[in-house]
Amino acid sequence: MSLDILNGSATAIARAVATREVSARDLATLALEKIAAVDETLNAFTDVTAARALAEADAVDAKLAAGETLPLAGVPYAVKNLFDIEGVVTRAGSKINRDNAPAAHDATLVTRMQAAGGLLLGGLNMGEYAYDFTGENIHDGNARNPHDPGRMSGGSSGGSGTAVGAGMVPISLGSDTNGSIRVPASFCGLYGLKPTFGRLTRARTYPFVASLDHLGPFARSAEDLALVFDVLQGIDPLDPAQAARPSLPTLPELERGLDGLRVAVAGGYFRTRQMPEARAAVDLVAAALGARDEVILPEAERARAAAYVITNAESSALHLERIQTRPADYDPDTRDRFLAGAMVPAVWLTAAHRFRSWFRDEMRKLFDTVDVIIAPATPFHAPETGTKMVTLDGVEMLARANIGLFTQPISFVGLPVVAVPVWLDGAKLPIGVQVIAPAWREDIALRVARHLEVTGVCKAPVAMLAG
Amino acid sequence: MSETFDAEAYAELMARVMGLDLRPDWKPAVVANLRTTHRMAALVLGHRLDDHVEPAFVFEA
């Protein structure tokens with residue numbers, strides 16, 4: 001069996017399995033073979049659930065034989081290791097959580113993928129407790145960039161980017177608190193969807209910052225993102241923070257194209273502190289969408305700052321007992337931040353939450369004048385592993401803290417975003433652009449991403465790898 | 001917001017208040033992080049809001 005089908009889209013795989021051109025078991029076997037061939041180098045997986053994938057494949061083949069229809073029939077996927085997988089310890093990128101008992105149930109989103117015919121290949125590497133933009137992990141080793149293993153995958157959903165970029169699976173699930181889907185999507189050259197805050201259930205996933213955590217999919221096509229997003233939606237009584245919103249089917253509207261959408265480029269804050277590739281990628285996408293006007297997101301720098309404060313304080317509150325009793329068991333890069341965050345005064349945190357309300361109201365006004373806003377996903381291509389400092393606009397600054405410069409203000413206000421992959425002429429690495437839509441309008445962001453895909457402006461080829 | 005935030009003294013005090021083990025070789029990075037959070041908080045606090053703007057916590061009774 002050729003690897004070609006595994007390198008194709010989830011949409012194509014589901015169609016081929018549904019029409020019995022290939023079996024779900026063939027797909028599970030191909031994915032396991034690909035993981036065995038390349039993951040020793042790339043380190044995307046921390047847990048491979050081979051027996052489960054094969055059993056799920058046999059169940060899918062049996063259901064299809066019985067006449068059932070499954071939207072993700074035989075589609076291999078994997079999840080960031082903060083998602084509960086029944087029988088697997090949910091490590092959340094940490095050493096400490098490995099002492100926990102294996103999960104008794106699957107995360108709700110895993111249950112939904114399974115019901116749709118998906119085949120779970122395992123848990124994926126991530127930055128410790130999701131406090132990361134690099135994909136580096138001292139306990140499990142770094143998730144490496146599939147386009148250049150000497151570079152960062154991006155984080156914190158690093159393995160989720162690596163696995164899809166390398167063609168081990170066509171779909172992965174990750175989480176995004178400040179950019180942890182959009183950053184690896186940018187560095188690994190993928191489509192990544194961060195839905196509206198509160199859209200998808202977070203039940204049975206390990207939290208980072210309850211006020212800001214989102215879950216979402218990675219794929220190598222915009223069509224696949226819509227396919228998976230439609231499967232993942234739905235009210236879940238297990239998640240008390242999920243918004244009581246009806247599902248929004250996005251596949252039926254996906255091919256509508258721009259159809260009169262007003263697209264603008266985020267100016268000011270979003271046009272400074274970046275390498276030329278970030279600016280060029282935004283310009284390319286803007287030109288393709290006919291976006292000639294710039295809009296200013298009011299006080300974007302303060303929005304980023306408020307997201308920073310909330311993240312630091314709330315995550316440390318979650319980890320207080322562990323950071324008091326087992327500080328030496330943390331990754332040094334997260335320990336420093338959790339210790340500092342445990343010292344944040346309450347008034348700083350409350351001020352940040354009040355600012356969030358103000359910023360939300362301002363963004364609602366802005367979306368009265370536009371339907372889509374374009375902004376960089378990251379300020380640069382994937383840096384070399386271990387990069388500590390970067391110089392942007394002549395100012396030397398910490399690399400890892402500033403990778404999320406452009407993603408943080410957007411997740412702070414909970415807007416839906418599709419990160420789309422751009423390969424500039426002659427570039428050896430991809431870079432992402434954020435397609436930002438009004439709250440609860442993932443359909444608009446996905447339509448625009450699909451338009452960029454079918455017009456060839458964006459693409460997500462499987463990385464060329466030895467093996 | 002104080003312009004003369006002594007992050008090192010604050011870290012030492014708060015480590016005692018919060019029961020945190022602030023080892024000497026960890027302290028410089030913790031202090032650096034505190035300075036960053038202080039700078040971020042100063043930006044937020046520098047934006048005056050109407051008293052009726054409420055925090056955006058998620059809670060439903």
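The values are calculated or read from the model by the stated rules, or taken from the named source; none is laboratory data. Source: prediction; values computed, not measured. Because the Cβ atoms are built from the backbone with ideal geometry, glycine has one as well, and the counts that use them run over all protein chains shown.
With respect to the conditions (1) closer than 23 Å to residue A:292 by Cβ; (2) charged (D, E, K, R); (3) without any contact (Cβ under 8 Å) to a residue 60 or more places away in the chain, residue A:388 lacks only one, and its number is (1).
Residue check: residue A:350 meets all listed conditions (1) buried (at least 18 other Cβ atoms within 10 Å of the Cβ); (2) facing chain B (nearest Cβ under 7 Å); (3) not hydrophobic (A, V, I, L, M, F, W, C) but one, namely (1).
In summary, residue A:395 fulfils each of the numbered conditions (1) more than 30 Å from residue A:261 (Cα to Cα); (2) touching a His at 6+ places or on another chain (Cβ under 7 Å) with the single exception of condition (2). With respect to residue A:362, is the statement that it is crowded, with 22+ Cβ neighbours inside 10 Å, in contact (Cβ under 8 Å) with a residue 40 or more places away in the chain and of a type in the set (Asp, Glu) true? Spelling it out, it is not the case that residue A:362 is crowded, with 22+ Cβ neighbours inside 10 Å, in contact (Cβ under 8 Å) with a residue 40 or more places away in the chain and of a type in the set (Asp, Glu). When residues in segment A:216-236 are screened for being surrounded by 24 or more Cβ atoms within 10 Å (Cβ to Cβ) and touching a Lys or Arg at 6+ places or on another chain (Cβ under 6 Å), 2 of them pass.
Put simply, of A:159, A:135, A:123 the only residue that is assigned to a loop (DSSP other than H, G, I, E, B) and modelled with pLDDT of 95 or more is A:135.
Yes/no per residue for (1) buried (at least 19 other Cβ atoms within 10 Å of the Cβ); (2) part of a loop (DSSP other than H, G, I, E, B):
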position: A:5; (1), (2): yes, no
position: A:12; (1), (2): no, no
position: A:17; (1), (2): yes, no
position: A:20; (1), (2): no, yes
position: A:25; (1), (2): yes, no
position: A:28; (1), (2): yes, no
position: A:35; (1), (2): yes, no
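Looking at this structure, is residue B:31 buried (at least 16 other Cβ atoms within 10 Å of the Cβ), facing chain A (nearest Cβ under 9 Å) and part of a helix (DSSP H, G or I)? Criteria met by residue B:31. Per this entry, residue A:414 is counted among residues that are within 14 Å of chain B (Cβ to nearest Cβ) and assigned to a loop (DSSP other than H, G, I, E, B). Considering segment A:68-105 alone, what residues qualify as being surrounded by 22 or more Cβ atoms within 10 Å (Cβ to Cβ) and not hydrophobic (A, V, I, L, M, F, W, C)? Result: A:74, A:76, A:77, A:80, A:81, A:84, A:90, A:91, A:93, A:94. Checked against (1) of a type in the set (A, V, I, L, M); (2) in a loop (DSSP other than H, G, I, E, B); (3) touching a Pro at 6+ places or on another chain (Cβ under 9 Å), residue A:209 meets all criteria but (3). Looking across B:38, B:52, one residue alone is more than 7 Å from chain A (Cβ to nearest Cβ) and touching a Phe, Trp or Tyr at 6+ places or on another chain (Cβ under 8 Å). It is B:38. Scanning segment A:111-139 for residues that are touching a Phe, Trp or Tyr at 6+ places or on another chain (Cβ under 9 Å) and under 17 Å from residue A:78 (Cβ atoms) yields A:113, A:118, A:119, A:120, A:121, A:122, A:123, A:124, A:125, A:127, A:130, A:135. Considering the conditions (1) closer than 16 Å to residue A:412 by Cα; (2) facing chain B (nearest Cβ under 7 Å), residue A:359 is excluded by exactly one of them, (2).
Can you find even one residue in segment A:170-191 that is assigned to a loop (DSSP other than H, G, I, E, B) and in contact with a Leu (Cβ under 6 Å, 6 or more places away or on another chain)? Yes - at least one qualifying residue is present in segment A:170-191. Number of residues in segment B:6-28 that are within 23 Å of residue A:305 (Cα to Cα), within 8 Å of another protein chain (Cβ to nearest Cβ) and not aromatic (Phe, Trp, Tyr): the value is 2.
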